[in-house]
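A.B. asks: One structure coming up, written as structure tokens, with questions to follow.
The values are calculated or read from the model by the stated rules, or taken from the named source; none is laboratory data. Keep in mind that this is a model prediction, so the values were computed, not measured. Every residue, glycine among them, receives a Cβ derived from its backbone with ideal geometry; neighbour counts consider all protein chains shown. The area values use the complete protein model at the heavy-atom level, side chains included, leaving out ligands, DNA and RNA. Shrake-Rupley method; radii C 1.70, N 1.55, O 1.52, S 1.80 Å.
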Amino acid sequence: MSEGAGPDATLGLSRPVTAVFGGALAIYLGIAAWLTWRTSILEPYSDMYDWLVRWRQWQADGNLGRYLWAPHNFHHLVWTFTVLGLDIGAFGASGYLFLAVGVGCLAATAVMLARFAGRAAGPGLQLVGGGVALALSLMGCDILDATADINTTYVHALVFAVAAILLAGAPGDKTLLRRGAVLVCAVAAGLGSAAGLAVWPALLFGAWRSGERRWLLALLAATGEFSTLYLMGDTSPTSGVAAHVSPVEAIELVLNYLALPWVRALPAAGLPIGVAVLAVSLAAVGGALRRSADAAARTAAGLILFSLGTAVMAGAARTGVTAPSLVPIRYAAFLIPLHVGLWVIALPHLRRFWTDRPRRVEAAVAAAAVLLVGHQAVMAVFAVRTADINLRVVADFREGRRSPAMLVTIGPDLDKRQAQAAQLRREGRYQRELRPDPPAAPSSGGSGTSASSPGR
């Protein structure tokens, strides 16, 4: 094919390039699948001990409503406590259900976003469009949110938020049933984690941009009602937000959050990366305001706004608690919608370039395939290291050792945690792992991956 002839949309990329990209994607997904085993932690640590206290209270008083709905550090973790109850009652307190649900939520999110990006890419580029979205959704660091019990709260919220945004923006008739499904998914996102509340501004943006006045009013009413209900019953003094918030530090934290996951490897580059991501994201959302913007661009803008909303929430809740350059890696999963949204916004430009310079695009696709695999390999190293650090602390605690890292990873009152662990051992609950303990290291220290506590 000559450089200026333009590709035949029905043929797509050449077979060699398709084979290279498809093979690289298979390797990428294979690494992600391997990481679900290699980074799994099934024993309790951090907030999991508090969740088990809550479960015992439910067994004592039979108050299911309070067990499911009462806030835990501001969050209403309905799905988490549902999984916990089922895991103990039906799966022998093995942790397997937490792992299965976490992996299922992340996989479902990846599939939904890949289908969305594949359709947006159009004929001939579906594999590249959907494949890159799939890769962006299953980076090694994101697997950590599916393989540790206390981190699964994030993917519980993520899967429903993404479903709500994609359902609201999907082509076709806006039936009452479909809009009802959007509302159900939006509510369900908040029942995974308070970060799920960021889905409501994203949905409001989509309704306003599409000119659907009645739908916009319905969303406004639902947003107000559910947010009010969510705040009811929270008796914590700070409601999960730092008492003294420094605006400068909050901005730094938001920018470092937007630089995830790369900021954890390059802390000094966090602010520049965050500024770049924020600028590109705002430009993309601004582009969706144009009359010429299509439905895919508007939906992509909603995905971007959801991630930006979680960044703002993290800035409000974690400022004064977490050093901006040490924003927890577990929040990276909430940036999946932003990354895929930006990719979808870029796809029309890729298609135009493909039409004009097909050979160059094919060379770029082949290079991208190699880059994706290399990036995933590096991510896998960091993911394994993070999971091993935490499991080593858990193993040391199990074996009776003590270290300062345990005050963060296990809990501030180690004597209390030891009594809880002893009771679990007598009951035979949460006593197994899928993989051997990592080797002991002289300076093993936990990363403090508490699922929701603002103090860890």
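A.B. asks: Cβ-Cβ below 9 Å, separation at least six or inter-chain, first residue in segment 30-45 and under 12 Å from Tyr96 (Cα atoms), second open to solvent by less than 10 Å² (accessible area, probe 1.4 Å) and among the acidic types (Asp, Glu): which pairs?
C.D. replies: Pairs that qualify, where the first residue is under 12 Å from Tyr96 (Cα atoms) and the partner is open to solvent by less than 10 Å² (accessible area, probe 1.4 Å) and among the acidic types (Asp, Glu), are Ile41/Asp149; Leu42/Asp149; Glu43/Asp149.
A.B. asks: Please go through segment 120-129 and give me each residue that is assigned to a loop (DSSP other than H, G, I, E, B) and surrounded by 22 or more Cβ atoms within 10 Å (Cβ to Cβ), ordered by number.
C.D. replies: Listed by number, the list holds a single entry, Leu125.
A.B. asks: If you check Ala387, Ala368, which single one turns out to be farther than 14 Å from Cys141 by Cα and either under 22 Å from the mean Cα position of the chain (by Cα) or not charged (D, E, K, R) (or both)?
C.D. replies: The conditions single out Ala368.
A.B. asks: Also, quick follow-up: What helices (runs of 4 or more DSSP H) completely inside segment 178-271 contain at least 3 residues that are modelled with pLDDT under 95 and under 26 Å from Thr322 (Cβ atoms)?
C.D. replies: In segment 178-271, 213-231, 247-258 are the helices (runs of 4 or more DSSP H) which contain 3 or more residues that are modelled with pLDDT under 95 and under 26 Å from Thr322 (Cβ atoms).
A.B. asks: Filter segment 189-214 down to residues that are touching a residue at least 12 places away in the same chain (Cβ under 8 Å), of a type outside the set (Asp, Glu) and either open to solvent by 50 Å² or more (accessible area, probe 1.4 Å) or closer than 19 Å to Ala288 by Cα (or both), then give me how many there are.
C.D. replies: Summing the residues that are touching a residue at least 12 places away in the same chain (Cβ under 8 Å), of a type outside the set (Asp, Glu) and either open to solvent by 50 Å² or more (accessible area, probe 1.4 Å) or closer than 19 Å to Ala288 by Cα (or both) in segment 189-214 gives 12.
A.B. asks: If you don't mind, another one. Give the number of residues within segment 151-179 that are touching a residue at least 60 places away in the same chain (Cβ under 8 Å), polar (S, T, N, Q) and out of contact with any Lys or Arg (no Cβ under 7 Å at 6 or more places or on another chain).
C.D. replies: 2
A.B. asks: Now, a different point. Taking the options Val321, Val327, name whichever one is open to solvent by 60 Å² or more (accessible area, probe 1.4 Å), out of contact with any His (no Cβ under 6 Å at 6 or more places or on another chain) and either farther than 22 Å from Leu204 by Cβ or without any contact (Cβ under 8 Å) to a residue 12 or more places away in the chain (or both).
C.D. replies: After ruling out the rest, the residue left standing is Val321.
A.B. asks: Exactly one condition in (1) open to solvent by 50 Å² or more (accessible area, probe 1.4 Å); (2) in contact with a helix residue (DSSP H, G or I) (Cβ under 6 Å, 6 or more places away or on another chain); (3) not charged (D, E, K, R) is not met by Tyr49; state its number.
C.D. replies: For Tyr49, the exception is condition (1).
A.B. asks: From the list Phe98, Phe81, Phe21, which one is at pLDDT 95 or above and closer than 30 Å to Leu371 by Cβ?
C.D. replies: Phe21
A.B. asks: With respect to Arg66, determine if the residue is open to solvent by less than 60 Å² (accessible area, probe 1.4 Å) and basic (Lys, Arg).
C.D. replies: no
A.B. asks: For segment 255-313, which residues satisfy the criterion of being hydroxyl-bearing (Ser, Thr, Tyr) and closer than 24 Å to Val155 by Cα?
C.D. replies: Tyr257, Ser281, Thr299, Ser307, Thr310
A.B. asks: I've got another one for you. Test of understanding: among Leu134, Leu158, which residue is at pLDDT 95 or above, open to solvent by less than 20 Å² (accessible area, probe 1.4 Å), within 23 Å of Ala32 (Cβ to Cβ) and hydrophobic (A, V, I, L, M, F, W, C)?
C.D. replies: Leu158
For every residue, the table says whether it meets (1) charged (D, E, K, R); (2) surrounded by 16 or more Cβ atoms within 10 Å (Cβ to Cβ); (3) in a helix (DSSP H, G or I); (4) in contact (Cβ under 8 Å) with a residue 24 or more places away in the chain.
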position	(1), (2), (3), (4)
Arg290	yes, no, no, no
Leu305	no, yes, yes, yes
Leu335	no, yes, yes, yes
Arg351	yes, yes, yes, yes
Trp354	no, yes, yes, yes
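A.B. asks: Being over 20 Å from Asp145 (Cα atoms) and not hydrophobic (A, V, I, L, M, F, W, C) is the filter here; which residues of segment 383-407 pass it?
C.D. replies: Asp396, Arg398, Glu399, Gly400, Arg401, Arg402, Ser403, Pro404
A.B. asks: Is there a residue being among the polar types (S, T, N, Q) and farther than 19 Å from Thr36 by Cα anywhere in segment 390-397?
C.D. replies: Within segment 390-397, not a single residue is among the polar types (S, T, N, Q) and farther than 19 Å from Thr36 by Cα.
A.B. asks: Please specify each residue of segment 69-119 satisfying the condition of being open to solvent by 40 Å² or more (accessible area, probe 1.4 Å), more than 29 Å from Ala170 (Cβ to Cβ) and assigned to a helix (DSSP H, G or I).
C.D. replies: Correct list: Trp69, Leu86, Gly89, Ala90, Tyr96.
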